[in-house]
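These notes are about the structure you will find just below.
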Amino acid sequence: MIYKSAGSNRRVKEWLICLTVIVAELVGMAAPGSVQKTEEEWRAVLSPEQFRILREKGTELKGTGEYDKFFEEGIYSCAGCGTPLYKSTTKFNSGCGWPAFYEGFPGAITRTPDPDGRRTEITCTACGGHLGHVFKGEGFKTPTDERHCVNSVSIKFAPANAAPSV
Ligand SMILES: [Zn+2]
């Protein structure tokens with residue numbers, strides 16, 4: 001049986017174009033180093049705690065973060081530059097004391113081995129802001145078996161039904 005018609009072909013094409021635009025926007029926003037500021041400029045836009053964690057690779061106290069036990073539907077973006085980093089659907093309760101995600105938006109997160117060779121740091125690809133660390137193979141029942149252990153201070157949540165901020 002053939003269901004194809006000119007109309008449905010056009011709809012498929014339009015849908016593909018729409019999808020391509022969304023992907024291009026996401027990739028564009030996450031272009032490495034696309035957001036660059038001096039230390040002074042960062043201090044002007046970040047709170048002292050955000051500066052300490054995002055720019056000086058600090059860590060918030062275990063179990064104290066705003067999003068540690070927070071499970072609403074929406075998107076988490078970089079608190080420094082606003083680039084979307086994680087979907088709430090990839091957040092899980094790891095019990096570790098910090099927000100945990102099993103996957104970020106493609107290309108949005110950069111991984112760098114720590115100098116001690118034991119842990120892998122994760123940063124916002126666009127602005128280089130420190131997010132936390134990623135751990136693999138811990139046995140969590142998630143699609144990737146990875147745990148992005150992220151400071152709540154480094155991210156900003158927006159509910160799914162909110163209008164996207166520009
Ligand atoms: Zn950023």
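Annotation for the range 91-166: trypsin sites (Lys or Arg not before Pro) lying in DSSP loop with at most 12 further Cβ atoms inside 10 Å of their Cβ are R118, K141. Modelled spin labels at C96 and T120, positioned 7 Å past Cα toward Cβ, are 1.2 nm from each other.
A Förster distance of 41 Å, applied to the separation of the beta-carbon atoms of K69 and R11, puts the FRET efficiency at 0.45.
None of the figures in this text is laboratory data; all of them are computed from the coordinates on show. Keep in mind it's a predicted model, so treat the numbers as computed, not measured. Reconstructed Cβ throughout: ideal geometry from the backbone, glycine too, with neighbour counts over all protein chains shown.
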